[in-house]
Amino acid sequence: MTIAAGSFSRQGRRLLLTLVVLCTGCVTTTDSVFTTPPAPQEALERRVALARQYIGQRDWDNAKRNLAQAVAIDDRNAEVHEAFALVYQSTGEKELAEESFQKALRLDRDFSRARNNYAAFLYAEQRYADAEEELELVVKDTLYTGRPMAFVNLGLCRQQLDKPAAAEEAFSRALSMDRANTIALLELAQLRFDAGDYTTASRHYGTYRTAVRPQSARALWLGIRLARVLNDRDAESSYALALGSLYPESPEFREYQRMQRDGQ
């Protein structure tokens, strides 16, 4: 039997980078006028924290209002401009978003969270080479807590740039730091399958499927093809049943039906 190994390999490349929006703390107080004027740094931190709370609620107007007040306190604070960038990106103001990301990074070149989010913006704009360049800087920051996911993001960029070996290297680095990273597991399984290394692909896929319920259509389609190559009819039937039940309108299920009709 001939398996179309690469039929849906590019679907993994459509995954969006994780946009890291980290609150500086849990804000439980109301957005009210201060009863006692705080110190400037305290006022700045409060405004940024409130803005991030509003960003999480998708309340862009109140987020902007608090950030404008933060800028009035200190217009050279990188966190303020990163938060502005996230708001502008979310409201479709792309030029302003990029300008704010770049300003944040000019003010603090070591601000890895902002650089990672800027890479996410570039990825969404399909500027994959630019995103790759930013992420290569992010992953050099060994103290950045989001480094494992930054390696995943780097791998996704490299897939879009048709650099499978470099993408695999990035996903492997992510997995070495976070053995439970399901994105890295699935991408490595797909890359190894495409390379004809079915044993390693099956190992990565096996770890992935025990951690993810339900699996995506893309993952089930990979499972079907792996099971067929390895002559595991029971597994193939199980994955095919799940694919048809959960995703009957998916391109993956249509490809499976075509494969069945053609007797592949």
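Taking only the alpha carbons of the stretch 135-264, what extent do you get along each of the three principal axes, in Å, biggest first?
Result for the stretch 135-264: principal-axis Cα extents of 51, 27, 27 Å.
First measure r as the distance between the Cβ atoms of Arg213 and Gln41, then evaluate 1/(1 + (r/R0)^6) with R0 = 45 Å and state the FRET efficiency to the nearest 0.05.
The pair Arg213/Gln41 has a calculated efficiency of 0.45.
So how do Arg47, Arg258 line up by other beta-carbon neighbours within 10 Å, fewest first? Kindly include the intermediate steps, with their values, before the conclusion.
Working: Arg47 24, Arg258 12.
Least to most surrounded, the residues fall as Arg258, Arg47.
Just to confirm my numbers, what's the Cα centroid distance between the stretch 64-78 and the stretch 82-143 in Å?
18
Only Cα pairs under 8 Å and at least 6 apart count here; give the relative contact order of the stretch 111-236 as a rounded whole percent.
14
Within a 10 angstrom radius of the beta carbon, how do Lys103, Lys94 rank from fewest other beta carbons to most?
Lys94, Lys103
Go through the stretch 66-77 residue by residue and turn each phi into a ³J(HN,Hα) via Karplus (6.51, -1.76, 1.60, θ = phi - 60°); whole Hz please, and just put x for glycine and proline.
Karplus values, whole Hz, x for Gly and Pro: 5, 5, 4, 5, 5, 4, 5, 7, 7, 7, 10, 8.
Residue by residue through the stretch 134-144, which ³J(HN,Hα) values in whole Hz follow from phi under the Karplus form 6.51 cos²θ - 1.76 cosθ + 1.60 (θ = phi - 60°), with glycine and proline marked x?
Ordered by residue, 3J(HN,Hα) equals 5, 5, 5, 6, 4, 6, 6, 7, 5, 9, 6 Hz.
Using the Karplus curve 6.51 cos²θ - 1.76 cosθ + 1.60 with θ = phi - 60°, work out ³J(HN,Hα) for each residue of the stretch 244-252 in order, rounded to whole Hz, and write x for Gly and Pro.
3J(HN,Hα) across the stretch 244-252, in whole Hz: x, 6, 8, 9, x, 9, 6, x, 5.
Taking neighbour Cβ counts within 10 Å as the exposure measure, how do Ile183, Ile224, Ile73 sort from fewest upward?
Ile73, Ile183, Ile224
At what distance in nm do the modelled label points of Glu249 and Gln126 sit from each other, each positioned 7 Å from its Cα along Cα→Cβ?
Going from the Glu249 label point to the Gln126 one covers 2.4 nm.
Read the figures in this text as sums done on the coordinates, not as results from a lab. Note that the coordinates shown come from a computational prediction; the quantities given were computed from them, not determined experimentally. Please note: Cβ atoms are built from the backbone with ideal geometry, for glycine as well, and neighbour counts cover all protein chains shown.
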